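Novice: Take a look at the following structure, please.
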Amino acid sequence: MKKVAVFGATGSIGKQALDVIDKLGWQVVAATAGSNLHLLQELAYKYSIPQIAVRSLKNELADDLVKRNKLISFAEAIEVAKEKADVVVNAVSGFAGLEITIAFSNTSKRIALANKESVVCGGKLLKGVKAEIVPIDSEHTSLLMLSEFVKRPYIARFGITASGGAIRDVDNPRDLSAEEVLRHPNWNMGAKITVDSATMFNKALEVVEACWYFDVDVEDVEVVLHRQSYVHSFLRLVDGSLIFAVSDPDMRFAINYALTYPEVRGSFRKEFNVNGDMEFCRIDEEKYPLFFYALDKFKSYGESAMVALNAADECAVEDFLRGSIRFGEVIDRIIDVVERVELKQEFTTIREIEEFDKYVRERYKETFGK
Ligand code: NDP
Ligand code: MG
């Protein structure tokens, strides 16, 4: 039985991770949330988690929990995980997840990493670290699985699919509200990634993520739009043939494999049969300009472009979710801010990345107010 610490346990991935860990018969030694102590407590009760922590405390229930040593500080949760866990699941959303990945990067643990922002923004710092970093993302986890079965010299390119998000059938999505964009056709995910899925910024993050995990260039990663989200990824072999990874759109497959890799264990089969339509098409440049813009910037400026894009994206998505701007403005604002900052940055420490992230957020506030 393995011991696991789950960061971001109250989120979409975090809750499913607790379920998967429970089904594997493994034990959760600590779990954390951003601020939702109420839900975290419920989950701790349901899954018998001995210690929990929140990043910021907004709840008076806490005193009693602290006395019982049930609620510990966030820093203590990291220490508990370092001491007791074999595997750390990082399911924190956004840039905040990077410092958690860094905190465990020099331990001999597996980091099951849903927080794609970690490798996208801090990839250079995370190359060659002691920890074993395994992706939790339907595309990358299934690519990892495929690449276990195909010898590397036979692989010409790595492919990932995109669903197109909530805007894919909308002719003019500029005026859509958050409520409309949050209605994702295939996946039920956290708010930020659902909006990123509609702008396809998420897919740009995933291309960079694929480059990091599989040590390839942007040109070696193909992206196609696939409405049904049955095919998550594919390998294009040197002879031109393709091998697809297919499963229900259910993140538990990815979470489970990230935990048990290289073993394939457990079962999440529903009634899935490959007898429906499977459509594939190119990504429309007019509909998803941010995808192309982000990858162009990455090709020219590398990681610093991704830190800037991600910071601007988090600010704009937050404003969008608050209802202060419409969908089209999310993209306009991100591009506006990224064009204002000097992108030629080299990072050698996490502090430098954090400072640059902060600098970009300040430019955003300066330009668009709070
Ligand atoms: P959610 O918004 O559903 O959950 C985020 C989790 O992180 C919550 O537990 C939240 O706590 C916690 N959190 C937020 N801010 C902080 C902070 N500053 N410090 C510590 N904890 C924090 O996100 P998702 O589960 O959708 O996504 C998590 C990550 O996984 C993202 O990086 C996303 O891109 C990636 N991912 C998600 C997929 C999905 O299907 N959802 C698919 C593939 C990747 P609280 O509840 O208290 O706010
Ligand atoms: Mg994905």
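Novice: Does H140 count as assigned to a loop (DSSP other than H, G, I, E, B) and over 23 Å from I335 (Cα atoms)?
Specialist: No: the conditions fail for H140.
Novice: Still on this structure, I have one more. What's the number of the only condition in (1) assigned to a loop (DSSP other than H, G, I, E, B); (2) touching a residue at least 24 places away in the same chain (Cβ under 8 Å) that E314 fails to meet?
Specialist: Here E314 meets the rest and fails (1).
Novice: Now for a separate question. Tally the residues that are surrounded by fewer than 20 Cβ atoms within 10 Å (Cβ to Cβ) and outside any helix (DSSP H, G or I), restricting the search to region 183-202.
Specialist: 8
Novice: Oh, and also: Count, please, the residues in region 115-139 that happen to be under 11 Å from V208 (Cα atoms) and within 12 Å of ligand 2 (Cβ to nearest atom).
Specialist: Number of matching residues: 1.
Novice: With the requirement that a residue be under 16 Å from F280 (Cβ atoms) and either in a loop (DSSP other than H, G, I, E, B) or modelled with pLDDT under 95 (or both), what does region 149-164 give you?
Specialist: S163, G164
Novice: Report yes if M189 is in contact with a Ser or Thr (Cβ under 9 Å, 6 or more places away or on another chain) and over 12 Å from F320 (Cβ atoms), otherwise no.
Specialist: Spelling it out, M189 is indeed in contact with a Ser or Thr (Cβ under 9 Å, 6 or more places away or on another chain) and over 12 Å from F320 (Cβ atoms).
Novice: In region 212-227, what count of residues is obtained for those that are more than 16 Å from ligand 1 (Cβ to nearest atom) and in contact (Cβ under 8 Å) with a residue 40 or more places away in the chain?
Specialist: 9
Novice: So S229 passes all but one of these: (1) buried (at least 18 other Cβ atoms within 10 Å of the Cβ); (2) at pLDDT below 95; (3) among the polar types (S, T, N, Q); (4) farther than 19 Å from R252 by Cβ. Which condition number does it fail?
Specialist: Failing condition for S229: (4).
Novice: Further question: Considering only residues that are in contact with a strand residue (DSSP E or B) (Cβ under 7 Å, 6 or more places away or on another chain) and within 10 Å of ligand 1 (Cβ to nearest atom), which ones fall in region 195-208?
Specialist: Residue satisfying the conditions is E206 alone.
Novice: In region 137-155, what count of residues is obtained for those that are in contact with a Ser or Thr (Cβ under 8 Å, 6 or more places away or on another chain) and away from ligand 1 (no atom under 15 Å from the Cβ)?
Specialist: 2
Novice: Another question, then. Which ones in region 156-194 are touching a Leu at 6+ places or on another chain (Cβ under 8 Å), away from ligand 1 (no atom under 14 Å from the Cβ) and not hydrophobic (A, V, I, L, M, F, W, C)?
Specialist: Across region 156-194, the qualifying residues are R157, G159, G164, R168.
Novice: Determine, yes or no, whether S267 is of a type in the set (S, T, N, Q) and either under 29 Å from L146 (Cα atoms) or crowded, with 22+ Cβ neighbours inside 10 Å (or both).
Specialist: yes
Novice: If I filter region 91-134 down to residues being over 9 Å from the mean Cα position of the chain (by Cα), within 9 Å of ligand 1 (Cβ to nearest atom) and surrounded by 21 or more Cβ atoms within 10 Å (Cβ to Cβ), which single residue comes out as nearest to S12 (Cα to Cα)?
Specialist: G97
Novice: Taking G302 as the residue in question, decide whether it is within 21 Å of the chain's Cα centre (by Cα) and more than 20 Å from E180 (Cα to Cα).
Specialist: yes
Novice: Considering region 341-354 alone, what residues qualify as being in a helix (DSSP H, G or I) and either polar (S, T, N, Q) or surrounded by fewer than 14 Cβ atoms within 10 Å (Cβ to Cβ) (or both)?
Specialist: Within region 341-354, R351 is the sole residue that qualifies.
Novice: Being within 21 Å of the chain's Cα centre (by Cα), away from ligand 2 (no atom under 14 Å from the Cβ), aliphatic (A, V, I, L, M) and part of a helix (DSSP H, G or I) is true for just one of L146, L205. Which residue is that?
Specialist: Only one candidate qualifies: L146.
Novice: Still on this structure, I have one more. Of all residues in region 47-71 being modelled with pLDDT of 80 or more and of a type in the set (K, R), which is farthest from A31 (Cα to Cα)?
Specialist: R68
The values are calculated or read from the model by the stated rules, or taken from the named source; none is laboratory data. This one's a predicted model, so the numbers in the text were calculated from it and none came from an experiment. Don't worry about glycine lacking a Cβ; one is built from the backbone with ideal geometry, like all the others, and counts go over all protein chains shown.
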